[in-house]
Amino acid sequence: MQRTRKPGISRRATLALMGTGAVTFATPWVARAQAKTIKVGMPTILSGRVAQLGTSSRNAVMLEVEKVNAAGGLAGRQIEMVIRDSKGAPQEAARVARELVNTDGCELLIDAEASSGAFAVHEVARDLGVFCIHTNSETSALTADPKQHIPNAFRTARQGVHDSIVGGSYAAAIAKTKGLKKWATCAPDYAYGRDTTGEFTLYLKRFAPDVEIISESWPKLFQPDYTEVVTKILQAKPQALYTCLWGGDLTSYIDQANIYAMFSQMEVFAVNMADYTALTVVKNLPKGIHSGNRYIKTYPATAENAAWGDAYKAKYNEYPTNWSWENATAVMLIAEASKKANSADGKKIAEAMRGLTIKSPFGADGTVTMRAEDQTLIGYAIGWGTTIPQEPYVPDVKPGDWKTILELEAEWKKSKGYA
Amino acid sequence: MTELRAGRTGEPLGIARDEARSQRPRYLDVLIGLAAFGVLAVLPLFFGSKALLDFVIRCSAFGLFATSLNLLVGYTGMISFGHGMFFGLGAYGFGLIMQRTGVPVPVAFVATLVITTIIATVIGAICVRLKEIYFAFVTLAFQMLIHSTILSWASLTGGDQGLRGGIPRPVFLGIDLSNHVHLYVTSCALLVIGLLLMRQIAQSPFGYTLRMIRDNANRASFIGIDVWRARLTIFVLAALFASTGGIVMALFVSGAYPEFAYWTISGEGIFINMLGGVTTFLGPMVGTVLLLILNDTVTRLTEYYGIVLGIVILFFAIGLRKGLMDFVVEWYGQRRDGAGERG
């Protein structure tokens with residue numbers, strides 16, 4: 001049989017394919033300007049081990065954006081969110097952030113990256129001068145270090161040093177009344193774990209000077225098996241244990257430590273326990289674990305906070321996370337600042353946001369403030385309490401005192417050479 | 001892994017063609033390089049899109065990295081799983097020197113390459129004796145060693161938060177790297193120069209020695225080639241180009257992060273090589289462009305990037321069984337031969 005054409009892709013098909021390809025890839029590079037809506041870009045982590053960070057941040061943002069849009073948007077312009085996955089890689093976070101601004105025409109950025117990604121986006125904000133609000137990075141240096149400071153970047157996340165001050169003073173009070181002198185620590189082996197543990201013990205010893213750390217464990221981040229850590233701690237026989245494990249690490253740790261009945265042998269202080277991501281996943285939540293609040297709808301014990309938690313649950317069929325309130329706060333602050341400036345312009349919003357105090361379900365006294373000097377959030381609800389195995393999980397939270405927090409924070413800044 | 005070394009089973013035809021090409025005047029490569037640079041350099045005049053410039057800068061970084069990896073994988077048959085360590089080393093070396101010493105950019109550039117040479121020589125001296133899977137795993141081990149060092153030496157490197165505070169870029173010779181277009185043109189220049197140098201290496205007698213080592217190391221040593229030294233030399237040279245890629249990436253993100261030295265970067269390099277093909281010099285460059293386009297468009301459309309990428313890998317690994325450039329070259333060859341028969 002005579003073949004008229006060679007098998008394979010014909011020239012025409014090739015051309016068509018190439019054409020389609022070119023159009024597909026070129027489209028995003030043609031910036032589309034739409035004056036009516038205002039685009040807000042949000043790089044975050046939507047895949048991999050900490051995807052929940054991104055999804056619960058996104059949920060909270062969408063919940064608040066709907067409210068803002070229903071109330072007329074930012075100075076009359078409806079908000080359109082452009083949310084994109086950085087896969088937790090800092091170079092991707094930087095690329096995505098740049099793309100959101102340069103290509104998609106986003107005028108504001110909500111940076112819901114964690115850890116190093118936040119610093120990468122921070123550099124993009126520095127470079128492009130775009131308004132940017134960090135919502136998930138708790139690393140104190142991001143705003144405390146004057147070298148990092150840029151007028152267009154803010155933070156609505158809680159800060160590591162605040163948690164340590166409150167945790168340290170709370171734990172010291174209990175150490176004194178119960179006579180807990182021998183302590184062990186257990187923290188994931190990366191910057192957050194090392195810094196937070198260091199700061200916690202610093203403040204614990206400051207308030208209770210006769211405390212002694214007799215054992216330290218540094219499991220890897222995302223370690224699946226904690227047997228060796230648990231037995232090491234049990235052998236040291238401490239009276240109390242501090243841990244800043246979080247999320248899945250914390251829940252697997254508790255499940256495994258339960259087998260050894262660890263929680264009946266010592267007081268446990270787990271700063272990241274009181275978050276629904278951990279509370280609802282642990283199989284047998286022991287009674288009496290001390291924990292800092294992350295997000296819990298019963299603290300602050302106000303109708304606004306409970307209503308917010310319930311609205312979130314009703315919409316997404318799960319409870320909000322610590323990341324959720326931090327991101328919701330960002331949208332609330334942007335909306336208020338825009339109202340105050342009567343503009344949706346990033347520079348004017350930034351101007352209006354410095355020192356702005358807004359009503360908030362997450363405030364210690366019903367309000368939160370964007371501190372002007374370092375553009376980070378203060379006045380949010382922060383406290384410690386003990387767990388019970390069922391809702392409301394942490395019934396009685398002892399609030400931290402913001403006056404003390406601010407004094408000690410100023411001192412800490414000085415000791416770090418930041419002030 | 002045999003797929004990656006497709007060139008070996010390859011085709012006396014391919015080698016013959018390579019030889020024919022090497023007889024072409026050398027300056028042709030330079031001319032092509034200059035033309036490519038010219039086209040890239042005038043691009044900003046026609047397209048105002050900053051995203052396009054960003055894209056090309058990232059292509060430069062990953063292109064240098066992936067092509068240098070191909071010098072090892074495709075030309076010498078050394079499958080390195082730890083090549084990303086030099087990418088990270090370049091980014092950290094350059095970033096740290098700029099942040100801490102404030103020397104001019106070219107000095108920091110050269111100093112970074114010197115540091116890379118020293119470290120690559122030490123690591124290479126240990127690794128290149130090993131064969132195949134052992135080589136792959138020991139390079140991977142060294143990469144994890146460097147990654148862990150970056151993580152734990154927090155006072156110098158900033159630990160897992162990376163180098164913070166931006167990389168200062170003082171103006172030199174009228175080039176201001178904090179200017180986007182200047183950075184773009186510099187990246188293009190580094191890419192083109194890097195590719196030309198690597199091409200030069202690949203087509204030199206030394207390059208052919210490497211191919212011989214890849215095809216039969218014993219035979220090479222019987223005719224008097226010091227296999228260990230040749231392998232070490234190419235290992236260090238490849239490290240230098242990977243390091244340059246890292247420098248470009250550090251300039252792009254204005255920082256350096258431990259992820260740059262993580263094994264996933266090496267994995268990406270290997271994947272780019274699979275995607276583009278290892279038997280042609282420009283295969284990895286094509287692979288880089290493909291992967292970045294894929295990455296950028298897919299993340300724009302869906303958060304299930306992993307699934308899409310997995311399918312593409314399967315398509316190339318099981319469907320085509322070779323990289324895109326290999327496929328194109330072969331297809332073009334068949335087409336031409338077919339035309340010849342008909343004519």
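The values are calculated or read from the model by the stated rules, or taken from the named source; none is laboratory data. Predicted model, so just to flag it, every value in this text is computed and none were measured. In this analysis, Cβ positions are derived from the backbone assuming ideal geometry, glycine residues included, and neighbour counts consider all displayed protein chains.
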Of the numbered conditions (1) without any contact (Cβ under 8 Å) to a residue 12 or more places away in the chain; (2) more than 13 Å from every other protein chain (Cβ to nearest Cβ), B:N179 fails exactly one; give the number of that condition. (2)
Can you pull out the residues in region A:125-142 that are crowded, with 20+ Cβ neighbours inside 10 Å and among the aliphatic types (A, V, I, L, M)? A:A125, A:V130, A:I133, A:A141, A:L142
All-but-one check, A:T404 against (1) surrounded by fewer than 16 Cβ atoms within 10 Å (Cβ to Cβ); (2) free of Cβ contacts under 8 Å to residues at least 60 places away in the same chain, failing number (2)
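Just checking, which of A:V121, A:V61, A:V101, A:V50 is in the same structural domain as A:A344 (by TED's automatic domain parsing), of a type in the set (V, I, T) and surrounded by fewer than 22 Cβ atoms within 10 Å (Cβ to Cβ)? Can you show your working first?
On the way: A:V121 fails: surrounded by fewer than 22 Cβ atoms within 10 Å (Cβ to Cβ); A:V61 fails: surrounded by fewer than 22 Cβ atoms within 10 Å (Cβ to Cβ); A:V101 fails: surrounded by fewer than 22 Cβ atoms within 10 Å (Cβ to Cβ).
Matching residue, one of A:V121, A:V61, A:V101, A:V50: A:V50.
From B:F315, B:F281, grab the single residue that is surrounded by 18 or more Cβ atoms within 10 Å (Cβ to Cβ), aromatic (F, W, Y) and either in a loop (DSSP other than H, G, I, E, B) or on the phi < 0 side of the Ramachandran plot (or both). Before you say what the answer is, go through the steps one by one.
Numbers: B:F315 fails: surrounded by 18 or more Cβ atoms within 10 Å (Cβ to Cβ).
The match here is B:F281.
When the residues of region A:75-134 are filtered to those that are of a type in the set (S, T, N, Q) and touching a Pro at 6+ places or on another chain (Cβ under 7 Å), which remaining residue is modelled with the highest pLDDT?
Here the answer is A:S86.
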Given the criteria facing chain B (nearest Cβ under 10 Å) and either assigned to a loop (DSSP other than H, G, I, E, B) or over 26 Å from A:G417 (Cα atoms) (or both), does A:D210 qualify? no
Taking region B:29-58 and keeping residues under 21 Å from the mean Cα position of the chain (by Cα) and within 12 Å of chain A (Cβ to nearest Cβ) leaves B:L52, B:L53, B:D54, B:F55, B:V56, B:I57, B:R58
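Taking the residues in region B:222-257 that are in contact with a strand residue (DSSP E or B) (Cβ under 6 Å, 6 or more places away or on another chain) and not in a helix (DSSP H, G or I) as candidates, determine which candidate is farthest from the other protein chains (Cβ to nearest Cβ).
Ranking the qualifying residues of region B:222-257, first place goes to B:A256.
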Here is a check on your reading of the model: is B:L309 surrounded by fewer than 21 Cβ atoms within 10 Å (Cβ to Cβ), touching a Leu at 6+ places or on another chain (Cβ under 6 Å), within 24 Å of A:A94 (Cβ to Cβ) and among the hydrophobic types (A, V, I, L, M, F, W, C)? no
What number of residues within region A:143-155 satisfy the criterion of being surrounded by fewer than 24 Cβ atoms within 10 Å (Cβ to Cβ) and either assigned to a helix (DSSP H, G or I) or acidic (D, E) (or both)? 5
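Any residue that is touching a Leu at 6+ places or on another chain (Cβ under 8 Å) and more than 23 Å from A:W412 (Cα to Cα) - is there at least one of those in region A:217-224? Step through it out loud before you land on a result.
So the first thing to find is which residues in region A:217-224 are touching a Leu at 6+ places or on another chain (Cβ under 8 Å), and the list is A:219.
Keeping just the survivors that are more than 23 Å from A:W412 (Cα to Cα) gives A:219.
So far as region A:217-224 goes, yes, one or more of its residues are touching a Leu at 6+ places or on another chain (Cβ under 8 Å) and more than 23 Å from A:W412 (Cα to Cα).
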Within the bounds of region B:303-311, is there any residue that is in contact (Cβ under 8 Å) with a residue 12 or more places away in the chain and out of contact with any Asp or Glu (no Cβ under 7 Å at 6 or more places or on another chain)? yes
Among the listed residues A:D195, A:D275, which satisfies the condition of being crowded, with 16+ Cβ neighbours inside 10 Å, of a type in the set (D, E, K, R), at pLDDT below 90 and farther than 22 Å from A:P392 by Cβ? A:D195
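Take region A:391-401 and flag every residue that is over 14 Å from A:G292 (Cα atoms) and without any contact (Cβ under 8 Å) to a residue 60 or more places away in the chain.
Our first condition is that a residue be over 14 Å from A:G292 (Cα atoms); within region A:391-401, this holds for A:391-392.
The answer is A:E391, and nothing else.
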Taking the residues in region A:76-95 that are facing chain B (nearest Cβ under 7 Å), touching a residue at least 12 places away in the same chain (Cβ under 8 Å) and in a helix (DSSP H, G or I) as candidates, determine which candidate is nearest to A:S137 (Cα to Cα). A:P90
Going by the structure shown, is A:A352 touching a residue at least 60 places away in the same chain (Cβ under 8 Å) and of a type outside the set (V, I, T)? no
Unique residue being over 16 Å from A:Y380 (Cα atoms) and of a type in the set (K, R) when the list is A:K297, A:K287: A:K287
Need the failing condition index for A:L204 against (1) under 25 Å from the mean Cα position of the chain (by Cα); (2) part of a loop (DSSP other than H, G, I, E, B); (3) crowded, with 16+ Cβ neighbours inside 10 Å, just the number. (2)
Which listed residue is free of Cβ contacts under 8 Å to residues at least 24 places away in the same chain, β-branched (V, I, T) and closer than 30 Å to A:S137 by Cβ, from B:T209, B:T157, B:T149: B:T149
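Considering B:V289, B:V328, B:V298, which residue is touching a residue at least 60 places away in the same chain (Cβ under 8 Å) and either among the hydrophobic types (A, V, I, L, M, F, W, C) or touching a His at 6+ places or on another chain (Cβ under 7 Å) (or both)?
Details: B:V328 fails: touching a residue at least 60 places away in the same chain (Cβ under 8 Å); B:V298 fails: touching a residue at least 60 places away in the same chain (Cβ under 8 Å).
Every option except B:V289 fails the conditions.
Can you say whether A:E138 is out of contact with any His (no Cβ under 8 Å at 6 or more places or on another chain), in a loop (DSSP other than H, G, I, E, B) and either of a type in the set (S, T, Y) or touching a residue at least 24 places away in the same chain (Cβ under 8 Å) (or both), as far as the supplied structure shows?
When the stated conditions are applied, A:E138 passes them.
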Within region B:17-50, considering residues that are modelled with pLDDT of 80 or more and among the small types (G, A, S), the one surrounded by the most Cβ atoms within 10 Å (Cβ to Cβ): B:G33
Look through region A:101-148, keep the residues that are among the β-branched types (V, I, T) and either under 14 Å from the mean Cα position of the chain (by Cα) or more than 11 Å from chain B (Cβ to nearest Cβ) (or both), and return whichever of them is farthest from B:D160 (Cα to Cα). A:V130
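Across region A:229-251, what is the number of residues that are of a type in the set (S, T, N, Q), surrounded by fewer than 20 Cβ atoms within 10 Å (Cβ to Cβ) and either free of Cβ contacts under 8 Å to residues at least 40 places away in the same chain or out of contact with any helix residue (DSSP H, G or I) (no Cβ under 9 Å at 6 or more places or on another chain) (or both)? Can you show your working first?
Taking region A:229-251 and keeping what is of a type in the set (S, T, N, Q), we get A:231, A:235, A:239, A:243, A:251.
So of that shortlist, the ones also surrounded by fewer than 20 Cβ atoms within 10 Å (Cβ to Cβ) come out as A:231, A:235, A:239.
Checking the rest, the ones that are also either free of Cβ contacts under 8 Å to residues at least 40 places away in the same chain or out of contact with any helix residue (DSSP H, G or I) (no Cβ under 9 Å at 6 or more places or on another chain) (or both) come to A:231, A:235.
Within region A:229-251, residues that are of a type in the set (S, T, N, Q), surrounded by fewer than 20 Cβ atoms within 10 Å (Cβ to Cβ) and either free of Cβ contacts under 8 Å to residues at least 40 places away in the same chain or out of contact with any helix residue (DSSP H, G or I) (no Cβ under 9 Å at 6 or more places or on another chain) (or both) number 2.
Can you say whether A:M81 is surrounded by fewer than 21 Cβ atoms within 10 Å (Cβ to Cβ), under 22 Å from the mean Cα position of the chain (by Cα) and under 18 Å from A:M332 (Cβ atoms), as far as the supplied structure shows?
Working: surrounded by fewer than 21 Cβ atoms within 10 Å (Cβ to Cβ): yes; under 22 Å from the mean Cα position of the chain (by Cα): yes; under 18 Å from A:M332 (Cβ atoms): yes.
Against the criterion (surrounded by fewer than 21 Cβ atoms within 10 Å (Cβ to Cβ), under 22 Å from the mean Cα position of the chain (by Cα) and under 18 Å from A:M332 (Cβ atoms)), A:M81 qualifies.
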Restricting region A:57-66 to residues that are more than 14 Å from chain B (Cβ to nearest Cβ) and in contact (Cβ under 8 Å) with a residue 60 or more places away in the chain, which is nearest to A:W246 (Cα to Cα)? A:A60
